[in-house]
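The values are calculated or read from the model by the stated rules, or taken from the named source; none is laboratory data. The shown structure was predicted, so the numbers you read here are calculated from the model rather than taken from an experiment. Cβ sites come from the backbone with ideal geometry, for glycine too, and all protein chains shown count toward neighbours. SASA here: full protein model, heavy atoms, side chains in, ligands and nucleic acids out. Shrake-Rupley method; radii C 1.70, N 1.55, O 1.52, S 1.80 Å.
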Amino acid sequence: MGLFIKGMAAEIPCPARHIRPFRRLKSAGRGPQAGALRPPPCSRRKIVIKYPGNNTIPAAPSGRSDRKKHAMRTYDAGQFDIAVIGAGHAGIEAALAAARMGMRTLCFTVNMDAIGNMPCNPAIGGTGKGHLVRELDALGGEMARAADKACIQYRLLNRGKGPAVWSLRAQADRRAYQQVMKHTLEQQENLWVKQAEVVAVRTEKGAVSAVVTDTGAEYGVRAAVVATGTHLGGRIVVGEMVKNSGPDGLAAALPLTQSLKDLGLSIRRFKTGTPPRVNARSVDFDKMELQPGDDEGLAFSFQTVTPPKNQAVCWLTYTNEETHRIIRANMDRSPLYDGTIEGVGPRYCPSIETKVERFPDKTRHQLFVEPMGLNTEELYIQGFSSSLPEEVQIQMLHTIPGLEKAEMTRCAYAIEYDCVDPTELEPTLECKKVPGLFGAGQFNGSSGYEEAAVQGFVAGVNAALKLQGKDPLVLRRDQGYIGVLIDDLVTKGTNEPYRMMTSRTEYRLLHRQDNADQRLTPIGYQLGLVSKEQYDRVLAKYAAVDREVNRLEHTGTPPSPELDAFLESRGETGVKNGARLADLLRRPRLTYAELAPFDPERPDLPPAIAQEAEITIKYAGYIGRQLKQVEELKRLEEKKLPQDIDYSSIHGIRLEARQKLAAIRPHNLGQASRVSGVSPADVAVLMVYLKQREGQ
């Protein structure tokens, strides 16, 4: 029983015995729902209300809907350079980057207390995501520094694998992180933060000229960044209950969708979800497996001097066959399968009911029980995302070891939201159809705080560079995960919320999280977002790495019984005539630290420099091969494709490729080769075409 949406109508189902006639509200008010018919709690009558800028939504039971429509009266609220719509992880980085580059920047949020909100898991980093945070830090972004101030447990994932996939993850104190980010924005020069809902983006001569709030304030701007997260057209679903809302019960941004459609953008619907929260006082931790943090804390930011301390622990538990039985028995009430939810959900972060349906032979699924912060008893049940009715969620929860008596403080929910087709964006994240309009984060079809943050940074930087008349920032795939993420979105597009993973980059060994400062700090310095002192420290660090690599290549250790015994203990063959230290280090079972007794002249190096030297030597062959691949890619990237090409007139290119190339308009042959539906043969034809065109 409850309110839900099917297609374009709101439907309120209930048992027939509860049907009562509609009552007309006695209200003299002039609100938007004055004089509406109020449906009783259980009625099968259908109510359809057109709300500007969103799909049809249900009438509020206590609302009024017959108010005479009036055009909004606006007033001139001032002139700024850049407006950032949203203050989540994407909006924060966009606003800070633009302001730090000297632009008068205005950042809007639906609630000042929701700046930097973590409506899903209060954690930063993870597999692939930790790389993004490190790269953002190297460029001059804020997320890593805030994480080091607010995170309470650090773990380096994938330690048993190679350094290419080591990924830092930290559990955050949710409120502390929000406070850090809110204060950072409030203190930033050239940045103004306002609580307001942006309902329209206005243009002059096709380019962005202003944004308008729901209170009628019109701010003149020359560029805008849409970083609305899941608020844009937000719709919460829990079983049969459906309501327009952003995450955590915050307001949804509804009219803005229509404004963006009017500008020509192709809007689609995606979906994500979040698990329930429980009170720690009601949890039996003795039935769970303890998950402590690492003994030695590893910071996210390259600028953090004191390693962070672990102040909290997590726990591991599992679903079981009884959990799965309850889920299967209530599948007919799942909004995912009865047609209520229309948006496309994330493949790599499915709901628990999707896991049970997709993997019927699996008897259990792991759940991580994680703290929401140091000053709260709320725990987050990672892996238990659901949109089933609340009472079903409680039944499921109480079948899990340690959670048999758990008090659910917040139920799980699914949320649908509006986003753009990312192939309508340039690699700068500027909309092709609307000059001066940039997109970032979930609006671009991605998922995750980290993916949002790096896009926000790139969008904010490019908005500033555009207004300054400077060349844009376009990160290539060979430069890091950020380049891969954006290239995937704008070139290949996505039909589901995009999540970064280490498997998405073809240059994993070059894109390690430990060397992000070497790869990207020079770019941040050129942008003016990294200080001269920080840049010099990076140069000095890698000069020290080079010196140590050179020393190991030219330093040998003589043969000795101790060396042979050591090698034998590690499963390695002995050396009759001694060996260079670099050659010993290249052996897979030996480490830099273990060779210290046979290296008496070793300098006292910081751990980061020693690690870089070890990786450089141990993986030199693999790194060399990937560098050759990068050079081949660069040759394709250097072959620019004129934007006025008429692909339909090029003979030899297949029809599908012509259509895809004409729609995406790749900037070079490298990007063209990655467009879905474009074959190597099509690329070869393009190369011939370019040579002929150059000859003309």
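For the chain, the longest principal axis of the alpha carbon atoms and the long axis of helix 516-527 meet at an angle near 60°. 3J(HN,Hα) couplings calculated from phi for segment 276-292 with the Karplus curve 6.51 cos²θ - 1.76 cosθ + 1.60 (θ = phi - 60°) are, in sequence order, x, 10, 9, 7, 4, 5, 9, 9, 9, 6, 5, 8, 10, 8, 5, 10, x Hz; Gly and Pro show x.
Between helix 655-664 and the chain there is an angle of about 80 degrees, using the helix long axis and the longest principal axis of the Cα atoms.
Sorted on the mean count of surrounding Cβ atoms within 10 Å across their residues, most packed first, peptides 198-209, 478-489, 424-435 read 478-489, 424-435, 198-209. Sorted on the mean count of surrounding Cβ atoms within 10 Å across their residues, most packed first, peptides 275-288, 562-575 read 275-288, 562-575.
Proximity of backbone amide H atoms, modeled 1.01 Å from N, is registered between Ser385 and Ile352 at under 5 Å, excluding neighbours fewer than 5 places apart on the same chain. Could you sort out which of Lys492/Lys691; Lys161/Lys492; Lys576/Lys628; Lys309/Lys355; Lys576/Lys618 sit more than 32 Å apart by Cα distance in this structure? The answer is Lys576/Lys628; Lys309/Lys355.
Positive-end ranking of Ile400, Ser266, Pro588 along the dipole of the chain, with charges on Cβ about the Cα centre, is headed by Ser266. For Asp173, the residues whose modelled amide H falls within less than 5 Å of its own, excluding neighbours fewer than 5 places apart on the same chain, are Cys151, Ile152. What the phi angles of segment 301-313 give under the Karplus curve with 6.51, -1.76 and 1.60, with θ = phi - 60°, is a coupling list of 7, 5, 9, 6, 7, 8, x, x, 9, 7, 10, 8, 10 Hz, glycine and proline written as x. Beta-bridge orientation, the chain: approximately 70 percent antiparallel, per DSSP, counting only bridges with both partners inside.
When a 1.4 Å probe is rolled over the protein heavy atoms, the share of accessible surface on segment 308-390 that falls to carbon and sulfur comes to 46 percent. Which angle from 0 to 90°, rounded to the nearest 10, does the C-alpha axis of helix 607-618 make with the longest principal axis of the chain? So the helix axis and the longest Cα principal axis differ by about 70 degrees. Share of carbon and sulfur in the accessible area of segment 87-207 stands at 44%, probe radius 1.4 Å.
Highest mean first, the peptides 290-296, 680-686 sorted by other C-beta atoms within 10 Å per residue fall in the order 680-686, 290-296. Considered as an equivalent ellipsoid built on the Cα gyration tensor, segment 95-222 has semi-axes of 34, 17, 13 Å, the largest given first. For a paramagnetic label modelled on Asp295 (point 7 Å from Cα along Cα→Cβ), amide N atoms under 17 Å away belong, within segment 152-176, to 154-157, 159-160. Non-local amide H neighbours of Leu157 (under 5 Å, H modeled in plane, Pro and chain starts lacking H): which ones? When sequence neighbours closer than 5 places are left aside, the close amide H contacts are Ser167, Leu168, Arg169.
Across segment 223-236, coupling constants 3J(HN,Hα) worked out from phi with the 6.51/-1.76/1.60 Karplus curve, θ = phi - 60°, read 7, 9, 10, 8, 9, 8, x, 9, 6, 5, x, x, 9, 8 Hz, and Gly and Pro carry x. Mean residue ellipticity at 222 nm from the helices of the chain, using -39,500 (n - 2.57) per DSSP H segment of n ≥ 4 over the full residue count, to the nearest 500 deg cm²/dmol? The helix contribution divided over the chain gives -9500 deg cm²/dmol.
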